[in-house]
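As structure tokens, the structure follows; a few thoughts come after it.
The values are calculated or read from the model by the stated rules, or taken from the named source; none is laboratory data. These figures come from a predicted structure and were not determined experimentally. Neighbour counts are summed over all protein chains in view; Cβ atoms, including those assigned to glycine, are modelled from backbone coordinates with ideal geometry. Accessible surface is based on the protein model in full, side chains and every heavy atom, while ligands, DNA and RNA are left aside. Shrake-Rupley method; radii C 1.70, N 1.55, O 1.52, S 1.80 Å.
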Amino acid sequence: FSTTSGVTHALQSNISTVFGAGGQTPENILSFPFTANDLPDTQNSLNQYYSPSATSSTATNPCTACAGNGDYSLNIGATGIVSNTGWTANDARRQFNQLINSSTRTWLRKWTANTDYVPAIRYAEVLLNYAEALARVNGLDPKAISLLNAVRKRSDPATTITPTTSDELINMILTERRIELLGEGFRSRDLLRLGANIPAKGTAPSITP
């Protein structure tokens, strides 16, 4: 799913190349750089937010590159995307995200340095947007299924997604968004636009639309 002329955006063969210090591939439509001299006052890079401190490491789960505040950890409960059974263990996104267990928490490691580029618009998201639009208009649309599988198979080539109903297709696309865009700031907006409950987390209760 790319053009022979005009825009040059395309999925990268390896998802790891779209994060980190690179962040300027044809998949990265818009990314924001963080540099040593350009960290907003009292705000920091995503590495600073998501990474635990080095002292949070354990012998079995070392995190020698961690140097953040560890403000956020992932929801690994029954409804958390990390625990989703459809997200296979062989998916490259699991390996690259380096979900490092520290005590009872699991941390996201898409970003490992305070100077990493942060994507705001990625071509993978565009393809999933297109797939969802087609599915909502046309139902079990063949191109929507192909777009969904293009994103999935980039990181999990052994898995083919084969929905049998339009509702199943839409749900699979929404699940793929949670996997592909984990930690990139889309989940809350997706819940709001869908009129869905904001799920409970920790001691905070679920919030209805």
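Determine, for each peptide in 16-28, 115-127, 197-209, the mean count of other beta carbons within 10 angstrom over its residues, then list the peptides with the highest first.
115-127, 16-28, 197-209
In a Debye calculation with equal point scatterers on the alpha-carbon sites of region 156-209 and no solvent, what is log10 I(q)/I(0) at q = 0.25 Å⁻¹?
At q = 0.25 Å⁻¹ the computed log10 ratios are -1.08.
Over region 127-209, what percent of the accessible surface lies on carbon and sulfur atoms, probe 1.4 Å?
59
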